[in-house]
Each structure stands twice: as structure tokens, then as C-alpha cells.
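**Q** What follows is a single structure, and I will ask about it in a moment.
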Amino acid sequence: MKHSVPPIAAEHLPVLLCAMPKAELHMHIEGSLEPELIFALAERNNVQLPYASVEALRAAYAFTDLQSFLDIYYAGASVLLHEQDFYDMARAYLDRAVADNVVHTEIFFDPQTHTERGVAMETVINGLYRACRDAEIEQGISASLILSFLRHLSEDSAMQTLEAALPLRDRFIGVGLDSSELGNPPEKFARVFARCKQLGLHLVAHAGEEGPPAYIWGALDVLGVERIDHGVQSEKDAQLMQRLVKEQIPLTVCPLSNLKLCVVSDLADHNLPRLLKAGLKVMINSDDPAYFGGYVNENYTQLFAATGMGAAEAYQLARNSLEASFASEAQKAQWIAQLDQTFAGFAA
Ligand code: HPA
Ligand code: ZN
């Protein structure tokens, strides 16, 4: 471990994991829609759902791979029609994030999921943005938006999406790439990412969730991304591992997502502890918390319980999350000081 951490009794670890300030850098706002809110919005908007009840919907959350999840995730998002719907969804997530001591979150949203159904781009962005600003003022959490392109759609569609969002350029800090990975390599989006780079947007992409290490190379070298979302398949490529360590490229890992989408068969076998030990800049995130069984603290506590990691790993993961964020260096230093204080308090 890079930092020395005061000795902390093992029985205090679960409380420390929850109490420590952290950033969340990989979560999809549409994946925070709880079944109860899906049903409430369906009623409010007169949308018919193919499920009879909250329980029936929750029972359908038995996934075999990424695509089996995405089919249900896009169906759930169909209840979002008005600016207030996007606002309510984001405020519900931000409440949960505050409760988990998330001091900063960078939230993915998928505009194409909504514009393809006839919802206006401004409706989506304004609802989410207003929720972020209100949560910042009322609850003190820092929150920004990352516009994510759906990789199963064409690059032309991504380019049109970008153009439609540009009048609201000041309301999002970057772009990402998500949805069905296999068969949709990063290279497909080379031109749109080049344009985003010119515009000064931050760049990230999902790569190496189900896809091969070649997709991580492609995201780095062809798209020029600053972080890799997931990236857990990097372990299959020793040369890639060396590069990720040398350049300290952040991997936004999502343990419960990997478990629920059968990327790993058991949390105890998750490779995050090995990636961390090898010197990669990894951290823990929730991905789609309403679908995968928990928000970010649940990801921390379940992974630590399954793998036996301790306080030194907890510190490094939280610190990585803060350092890998797109916040200012001055802001990051403040949060790291808060993190140090939290650990000092537990050492007493
Ligand atoms: N992978 C790809 N696309 C997604 C995910 C994910 O884990 N969650 C929401 N969209
Ligand atoms: Zn994701």
C-alpha cells in the first residue's frame, strides 16, 4: 500500500467503510430507478408496464449477462417523460449517496434512451442538472453529469446526440460509452470522441467488462479516455496491466454489478484485491444500484466481507476514488484531508 494507515480494530472496519468520505465515479442514473419509483412514475405518467407489481418486477432481476440486464434496464426507463421525473430520480439517488458519505459523484446518463422515445434533450439534462444543483445546496454533495453514448447504436446517432446536447454544454463535464460491449468496440466511436476532445470534454468509456483487453487498449489509444469503466478483464493482459500501473489510469470497478451480471461467479474471487495489490488505481462503485443489490457502501461492505481486505485497502480505495475524480486539485486535497481525519478518528 502506498500510504501508511493507523492501526484500526477489525470490528470497526464495516463502520469505517460506511463513514469514510468517498467519490462515486461509475453509476448510471437510470440504474438507480427503484421498482417503487418505476411504478409511481408509471402511474403518474399513465405508462403501461409489462409487470403486475413491484414484486413481479423485482423478481425479473435475475440476470445471466450484460444484455439480459440491459433489456430490463431500458424497459424501466420508459416511465421517464417529464423534467420532474428526471429530477425526482436523481434526487432519490443523491439522497442515498449522501447517506453513504459520498462527497462527490459523477453521474452517467443515457440521453438516447430517452430521445429515441420522443423526450427532448433539455427535459433530460435540465431535470438531472437541477437535481444536482439542489442537492449541492441543500445537502452539500458535489455532483456532475457525464453524457454516455449507447454503443449498440451507430456513431452517427452518437454524433447527433452530441450536437443536440451542445446548447447545454455547461451542464455536463464529459462523455462516456456504455451499453452492449461485445461486438461494439471503441473504434466505432473514434470520430465522435475526437470531436468531444476538441470541445474540452472529459472522456471515459466502459471497456473490459465482458469485452477483451483489446477494447481497453482501444479505449485508451483510439478514444483517448482518461478513465476506464470496469476494466476487470485487464488482468488477462500483462502488458496492459503494466501500462495501467505506469500511467495510473483509473479503473472504476463495480463488484456487485460483476457478480449480478455473472462476470464473476463469487465475490470472494473478485480480482479487485489483486488489481489493487498490483498497483492499479482501482476504486469501488455501484453501477446500477437499484438492479444489482446495493448502493456504493453495500459494494464496499460485501466485497470486504468476502475477500478479507482491511483498513489499508479501504483507505487506498477511497483515496483513489477522490483522486480519480474530475474535481479541482484544491477540492480533492480538502476531501483527502477529511479522509485522513476519519481514519485518525477510528484509530483512537
Ligand atoms: N455496462 C454497460 N452498459 C451499462 C451498464 C454496464 O454495466 N450499466 C448501464 N449501462
Ligand atoms: Zn456501467
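**Q** Failed condition for residue 92, given (1) more than 26 Å from residue 142 (Cβ to Cβ); (2) surrounded by fewer than 19 Cβ atoms within 10 Å (Cβ to Cβ); (3) of a type in the set (A, V, I, L, M), with all others met?
**A** So the condition that residue 92 fails would be (1).
**Q** Quick test of your reading of the structure: residue 326 fulfils all but one of (1) within 22 Å of residue 110 (Cα to Cα); (2) within 16 Å of ligand 2 (Cβ to nearest atom); (3) surrounded by fewer than 21 Cβ atoms within 10 Å (Cβ to Cβ). Name the failing condition by number.
**A** Status for residue 326: all satisfied but (2).
**Q** Another question, if that's okay. When you go through 19, 10, 42, 23 one by one, which is the residue that is more than 26 Å from residue 309 (Cβ to Cβ) and more than 16 Å from ligand 1 (Cβ to nearest atom)?
**A** So the residue among 19, 10, 42, 23 that is more than 26 Å from residue 309 (Cβ to Cβ) and more than 16 Å from ligand 1 (Cβ to nearest atom) is 42.
**Q** Filter segment 227-261 for residues that are on the phi > 0 side of the Ramachandran plot, surrounded by fewer than 24 Cβ atoms within 10 Å (Cβ to Cβ) and touching a strand residue (DSSP E or B) at 6+ places or on another chain (Cβ under 9 Å) and give the result.
**A** Scanning segment 227-261 gives no hits.
**Q** Being within 16 Å of ligand 1 (Cβ to nearest atom), of a type outside the set (S, T, N, Q), farther than 25 Å from residue 254 by Cα and open to solvent by 50 Å² or more (accessible area, probe 1.4 Å): is that true of residue 122 here? Full working, then the answer.
**A** Working: within 16 Å of ligand 1 (Cβ to nearest atom): no; of a type outside the set (S, T, N, Q): yes; farther than 25 Å from residue 254 by Cα: yes; open to solvent by 50 Å² or more (accessible area, probe 1.4 Å): yes.
Considered against the rule, which asks whether it is within 16 Å of ligand 1 (Cβ to nearest atom), of a type outside the set (S, T, N, Q), farther than 25 Å from residue 254 by Cα and open to solvent by 50 Å² or more (accessible area, probe 1.4 Å), residue 122 comes out as no.
**Q** Next up: Test residue 101 against the stated conditions and say whether it is surrounded by fewer than 22 Cβ atoms within 10 Å (Cβ to Cβ), farther than 29 Å from residue 65 by Cα and out of contact with any Pro (no Cβ under 9 Å at 6 or more places or on another chain). Working first, answer last.
**A** Working: surrounded by fewer than 22 Cβ atoms within 10 Å (Cβ to Cβ): yes; farther than 29 Å from residue 65 by Cα: yes; out of contact with any Pro (no Cβ under 9 Å at 6 or more places or on another chain): no.
So residue 101 fails the test.
**Q** Identify the residue in segment 125-161 that is β-branched (Val, Ile, Thr) and under 18 Å from the mean Cα position of the chain (by Cα) and, among all such residues, is surrounded by the fewest Cβ atoms within 10 Å (Cβ to Cβ).
**A** The initial filter retains those residues of segment 125-161 that are β-branched (Val, Ile, Thr), namely 125, 137, 141, 146, 161.
Now narrow it down to the ones that are under 18 Å from the mean Cα position of the chain (by Cα): 125, 141, 146.
Details: 125: 24, 141: 19, 146: 25.
Applying the filter and picking the extreme gives 141.
**Q** Here's something else I'd like to know. Under the condition of being within 22 Å of the chain's Cα centre (by Cα) and touching a residue at least 24 places away in the same chain (Cβ under 8 Å), which residue from segment 329-348 is least open to solvent (accessible area, probe 1.4 Å)?
**A** This residue is 339.
**Q** Could you please tell me which pairs satisfy a Cβ distance under 7 Å, a separation of 6+ or placement on different chains, a first residue in segment 27-55 that is touching a residue at least 12 places away in the same chain (Cβ under 8 Å), and a second residue that is charged (D, E, K, R) and within 16 Å of ligand 1 (Cβ to nearest atom)?
**A** From residues that are touching a residue at least 12 places away in the same chain (Cβ under 8 Å), the pairs are 27/287; 28/110; 28/178; 28/287; 28/288; 30/110; 31/287; 31/288.
**Q** Please tell me if residue 112 is in contact with a Ser or Thr (Cβ under 8 Å, 6 or more places away or on another chain), open to solvent by less than 10 Å² (accessible area, probe 1.4 Å) and among the polar types (S, T, N, Q).
**A** Numbers: in contact with a Ser or Thr (Cβ under 8 Å, 6 or more places away or on another chain): yes; open to solvent by less than 10 Å² (accessible area, probe 1.4 Å): yes; among the polar types (S, T, N, Q): yes.
For residue 112, the condition - in contact with a Ser or Thr (Cβ under 8 Å, 6 or more places away or on another chain), open to solvent by less than 10 Å² (accessible area, probe 1.4 Å) and among the polar types (S, T, N, Q) - is met.
**Q** Something else now. Return the residues of segment 162-186 that are farther than 25 Å from residue 231 by Cα and open to solvent by 10 Å² or more (accessible area, probe 1.4 Å); say none if nothing qualifies.
**A** If the condition is that a residue be farther than 25 Å from residue 231 by Cα and open to solvent by 10 Å² or more (accessible area, probe 1.4 Å), then 163, 164, 166, 167, 168, 169, 170, 171 are the ones that fit.
**Q** Scan segment 267-288 for residues that are away from ligand 2 (no atom under 16 Å from the Cβ), charged (D, E, K, R) and crowded, with 20+ Cβ neighbours inside 10 Å and jot them down.
**A** The one that is away from ligand 2 (no atom under 16 Å from the Cβ), charged (D, E, K, R) and crowded, with 20+ Cβ neighbours inside 10 Å: 281.
**Q** Can you list the helices (runs of 4 or more DSSP H) found entirely within segment 281-348 that contain at least 1 residues being within 27 Å of residue 74 (Cα to Cα) and touching a Ser or Thr at 6+ places or on another chain (Cβ under 9 Å)? Steps first, please.
**A** Values: elements: 289-292, 296-307, 311-323, 329-347.
Hits in segment 281-348: 289-292, 296-307.
**Q** Return the residues of segment 271-299 that are within 15 Å of ligand 1 (Cβ to nearest atom) and not polar (S, T, N, Q); say none if nothing qualifies. Write out each step before concluding.
**A** In the first step, residues of segment 271-299 are kept if they are within 15 Å of ligand 1 (Cβ to nearest atom); the result is 284-296, 299.
Hits for segment 271-299 are 284, 287, 288, 289, 290, 291, 292, 293, 294, 295, 296.
The values are calculated or read from the model by the stated rules, or taken from the named source; none is laboratory data. Since the structure is predicted, the reported quantities are computational estimates derived from the model, not experimental observations. Quick reminder, even Gly has a Cβ in these numbers, built from the backbone with ideal geometry, and neighbours come from all protein chains shown. Just the protein is used for accessible areas: all its heavy atoms, side chains included, with ligands, DNA and RNA removed. Shrake-Rupley method; radii C 1.70, N 1.55, O 1.52, S 1.80 Å.
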